[in-house]
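Worksheet: the structure to be examined is printed underneath.
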Amino acid sequence: MSEPTRPILLVAACALVDADNRILLAQRPEGKSLAGLWEFPGGKVETGETPEETLVRELDEELGIVTRVACLAPLTFASHTYERFHLLMPLYICRRYEGIPHGREGQAIKWVKAKALRDYPMPPADEPLIPFLQDLL
């Protein structure tokens, strides 16, 4: 008997990198699934959007910063099965943006060196992305 099929959820994530080669993490707020865990900013790809367009929109909505599609470079992706869906999450890296990131939705944010990423509990889909960032930064 085969496993039941789960819908695929496409979510884009961004490793936002500052001048000191630190990566921005955002803490999932109370009331959301996986609340309290740290993640790379981003969000669900809406109908008609590319993952890059999603990140330009989400980085503005979540962090109050402006970037452009051309400033996003694909790095790797995560593929993870949760109970109700399968998550496919491309991870982009971005070093060029305007503004100072701040949690516009009440979420805590923190700049973290790549070597310290494992010190922050993350959702299961985010954890496999850490070695790629540690190798790069």
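If you line up the long axis of helix 51-63 against the longest principal axis of the chain, both from Cα atoms, how many degrees apart are they, to the nearest 10?
Helix 51-63 sits roughly 60 degrees off the main axis of the chain.
What residues qualify as long-range amide H neighbours of residue 34, i.e. H under 5 Å apart, gap of 5 or more or another chain, H built at 1.01 Å from N?
none
Please find, in a Gaussian network model of the chain (springs between Cα atoms separated by less than 10 Å), the residue of 71, 94, 14 whose mean-square fluctuation is greatest.
Of 71, 94, 14, the most mobile in the Gaussian network model is 71.
Long-range amide H contacts for residue 45: which residues qualify at under 5 Å (H placed 1.01 Å from N, peptide plane, sequence gap of 5 or more or a different chain)?
Amide H to amide H, under 5 Å and 5 or more residues apart or across chains, residue 45 pairs with 10, 11, 12.
Where does each of 93, 130, 23 land when they are ranked from fewest to most other beta-carbon atoms within 10 angstrom?
Fewest-to-most ranking of 93, 130, 23: 130, 93, 23.
Just from its helices, what would the mean residue ellipticity at 222 nm be for the chain, if runs of 4 or more DSSP H residues each count -39500 (n - 2.57) and the sum is divided by every residue, rounded to the nearest 500 deg cm²/dmol?
-4500 deg cm²/dmol
Can you give me the convex hull volume of the Cα atoms of the chain, divided per residue and expressed in Å³?
It is 116 Å³ per residue.
Using 0.36 nm per residue of separation minus the Cα-Cα distance, give me the extension gain between residue 110 and residue 95 in nm, one decimal.
Length gained, residue 110 through residue 95: 3.8 nm.
For residue 93, enumerate residues with amide H under 5 Å from its amide H, sequence gap 5+ or separate chain, H modeled in the peptide plane.
Answer set, sorted by chain and number: 15, 73, 75.
Taking θ as phi - 60°, what are the ³J(HN,Hα) couplings along segment 107-112 by the Karplus curve (6.51, -1.76, 1.60), each to the nearest whole Hz, with x for Gly and Pro?
Each residue's phi maps through the Karplus curve to give 7, 6, 10, 8, 8, 9 Hz.
How large is the charge dipole for segment 1-122, taken about the Cα centre, if only the Cβ atoms of Lys, Arg (+1) and Asp, Glu (-1) carry charge, to the nearest 20 debye?
Using only the charged Cβ atoms, the result is roughly 380 debye.
Percent relative contact order of the chain, based on C-alpha pairs within less than 8 angstrom and at least six residues apart?
The value is 31 percent.
For residue 50 and residue 85, compute 0.36 nm times the residue count separating them, minus their Cα-Cα distance, and round to one decimal in nm.
Here the segment from residue 50 to residue 85 would lengthen by 10.6 nm.
So what are the ³J(HN,Hα) numbers for segment 72-88, from phi and the Karplus equation (6.51, -1.76, 1.60; θ = phi - 60°), rounded to whole Hz, Gly and Pro as x?
Those phi angles translate into 9, 10, x, 10, 6, 8, 10, 9, 9, 8, 9, 4, 9, 7, 10, 9, 10 Hz.
What order do you get for 38, 111 when you list them from fewest to most C-beta neighbours inside 10 Å?
111, 38
Once phi is turned into θ = phi - 60°, what whole-Hz ³J(HN,Hα) does the Karplus curve with 6.51, -1.76 and 1.60 give for every residue of segment 123-131, x standing for Gly and Pro?
x, x, 6, 7, 4, x, 7, 4, x
Fewest to most neighbouring Cβ within 10 Å: what's the order for 8, 100?
100, 8
Just to verify a number: FRET efficiency for residue 136 and residue 5, C-beta to C-beta distance, R0 = 25 Å, to 0.05?
According to the calculation, E is roughly 0.15.
Bear in mind that the values in this text are calculations on the coordinates, not laboratory data. All values derive from a computational prediction rather than experimental measurement. FYI the Cβ positions are ideal-geometry reconstructions off the backbone, even for glycines, and counts take in every protein chain you see.
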